[in-house]
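Undergrad: Got a structure here, written out as structure tokens. Questions coming.
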Amino acid sequence: MIETKLKLWRGVAAATLVSASALSLAACGGEAGEEGEAAGTPAPAVATGEGGEGEGGEGGGEAGEAGISGAFTRLSGAPLANARLQQLKGFVLVAQQASEGNTGADAGVLVDQGLLEVHAAHEADFAGADVSAVRAAGLDALDGQPRAVVSRRLAAAIDAISAAQGRLDGDPADIAARMVQVATGLYAQVNSPAGVDPLEYQHAFGAALAARDALTRNEAALRARNAAVYEEALGEVNRLVALFPTPTAPERPSTMQQVSAQSARATLALGALKSAPTAQ
């Protein structure tokens with residue numbers, strides 16, 4: 001049944017891409033060949049002085065997949081399970097934001113996507129971790145439910161993942177850096193000449209939220225290493241999260257160049273946090 005849902009989600013995404021492309025062409029007077037005016041080329045979401053550079057075209061999907069798979073290299077056992085749980089948590093975190101002012105179905109679809117694309121696809125990596133609380137926040141469980149029930153089940157799913165992670169080894173700064181890499185890899189597929197992929201935008205946003213959660217959930221331990229370095233790393237990750245202004249894709253999202261540049265800054269700061277000596 002969940003595979004059927006994925007086909008439906010992809011069908012919705014394809015329809016949205018066609019619609020976005022048509023709207024962009026209409027806005028440009030139907031001329032898509034002019035430099036900087038190609039359909040779906042995003043405008044900067046923050047003032048960087050660098051406009052749409054046509055990222056996410058041919059090869060964008062391959063680059064994105066490579067970035068995601070590379071985020072889990074040199075991990076095994078408990079640290080790998082911890083990182084995969086954090087990746088799954090990202091889907092629940094973005095579902096929380098999508099459910100604010102919207103329906104439980106929107107949140108449930110995102111949770112189901114995480115279960116399929118992260119847990120089902122990499123179940124061996126989870127080392128038997130129980131994800132039943134996450135399943136209880138899926139589409140079948142949330143569709144038509146009152147807002148209070150939706151919020152409670154999503155929060156319970158996040159708490160259950162965090163509890164499972166508390167029993168596993170893994171450096172939270174390293175996990176945060178890996179989630180930044182996942183976010184960047186996924187974002188390579190957001191902008192294309194055909195338009196904006198709303199699913200990949202949300203999945204990338206969820207990974208960015210997961211990176212921040214890894215830092216804030218382990219704040220005491222990370223501050224103990226070096227408070228100033230922790231603040232720098234958290235600030236850079238917050239700036240990455242800020243490149244996702246809404247839980248659903250805007251008409252003109254941040255460019256890949258913006259996301260890549262900020263991801264590099266966040267990764268550098270997180271690297272310093274991983275190796276930071278405890279302040280005296």
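Throughout, read-outs are computed from the coordinates displayed, never taken from laboratory work. Only a predicted model underlies this, so the values are computations on that prediction, with no experimental measurement involved. As a convention, Cβ positions derive from the backbone with ideal geometry for all residues, glycine included, and neighbour counts pool all protein chains shown.
Undergrad: For segment 92-130, give me each residue that is in a helix (DSSP H, G or I), among the small types (Gly, Ala, Ser), out of contact with any helix residue (DSSP H, G or I) (no Cβ under 7 Å at 6 or more places or on another chain) and free of Cβ contacts under 8 Å to residues at least 40 places away in the same chain.
TA: Selection gives Ala124 alone.
Undergrad: Among the residues of segment 175-186, is any within 12 Å of the chain's Cα centre (by Cα), in a helix (DSSP H, G or I), over 20 Å from Ala261 (Cβ atoms) and not small (Gly, Ala, Ser)?
TA: no
Undergrad: When the residues of segment 114-137 are filtered to those that are among the acidic types (Asp, Glu) and loosely packed, with under 15 Cβ neighbours inside 10 Å, which remaining residue is farthest from Ser69 (Cα to Cα)?
TA: Out of the qualifying residues, it is Asp130.
Undergrad: Inside segment 187-209, can you point out the residues that are polar (S, T, N, Q) and more than 10 Å from the chain's Cα centre (by Cα)?
TA: Matches in segment 187-209: Gln189, Asn191, Ser192.
Undergrad: Which members of segment 157-174 meet the condition of being of a type outside the set (A, V, I, L, M, F, W, C), over 25 Å from Gly70 (Cβ atoms) and part of a helix (DSSP H, G or I)? Write out each step before concluding.
TA: From segment 157-174, those of a type outside the set (A, V, I, L, M, F, W, C) are 159, 162, 165-167, 169-172, 174; that's our starting set.
Then drop every residue that is not over 25 Å from Gly70 (Cβ atoms), which leaves 159, 162, 166-167.
Within segment 157-174, Asp159, Ser162 qualify.
Undergrad: For segment 140-156, which residues satisfy the criterion of being touching a helix residue (DSSP H, G or I) at 6+ places or on another chain (Cβ under 6 Å), within 12 Å of Ser99 (Cβ to Cβ) and in a helix (DSSP H, G or I)?
TA: Leu142, Val150, Leu154
Undergrad: Does at least one position in segment 194-201 carry a residue that is more than 24 Å from Leu80 (Cα to Cα), free of Cβ contacts under 8 Å to residues at least 60 places away in the same chain, of a type in the set (Ser, Thr, Tyr) and surrounded by fewer than 24 Cβ atoms within 10 Å (Cβ to Cβ)?
TA: No, every residue in segment 194-201 fails to be more than 24 Å from Leu80 (Cα to Cα), free of Cβ contacts under 8 Å to residues at least 60 places away in the same chain, of a type in the set (Ser, Thr, Tyr) and surrounded by fewer than 24 Cβ atoms within 10 Å (Cβ to Cβ).
Undergrad: Taking the condition of being surrounded by fewer than 23 Cβ atoms within 10 Å (Cβ to Cβ), among the polar types (S, T, N, Q) and over 22 Å from Ala214 (Cβ atoms), how many residues in segment 238-257 meet it?
TA: The number of residues fulfilling the criteria is 3.
Undergrad: Same structure again: If you scan segment 226-263, which residues turn out to be more than 20 Å from Glu200 (Cα to Cα) and assigned to a helix (DSSP H, G or I)?
TA: If the condition is that a residue be more than 20 Å from Glu200 (Cα to Cα) and assigned to a helix (DSSP H, G or I), then Ala227, Ala228, Val229, Tyr230, Glu231, Glu232, Ala233, Leu234, Gly235, Glu236 are the ones that fit.
Undergrad: When you look at Ala173, is it of a type outside the set (D, E, K, R), in contact with a Lys or Arg (Cβ under 9 Å, 6 or more places away or on another chain) and in contact (Cβ under 8 Å) with a residue 24 or more places away in the chain, yes or no? Outline the logic, then answer.
TA: Numbers: of a type outside the set (D, E, K, R): yes; in contact with a Lys or Arg (Cβ under 9 Å, 6 or more places away or on another chain): yes; in contact (Cβ under 8 Å) with a residue 24 or more places away in the chain: yes.
So Ala173 fits the description; yes.
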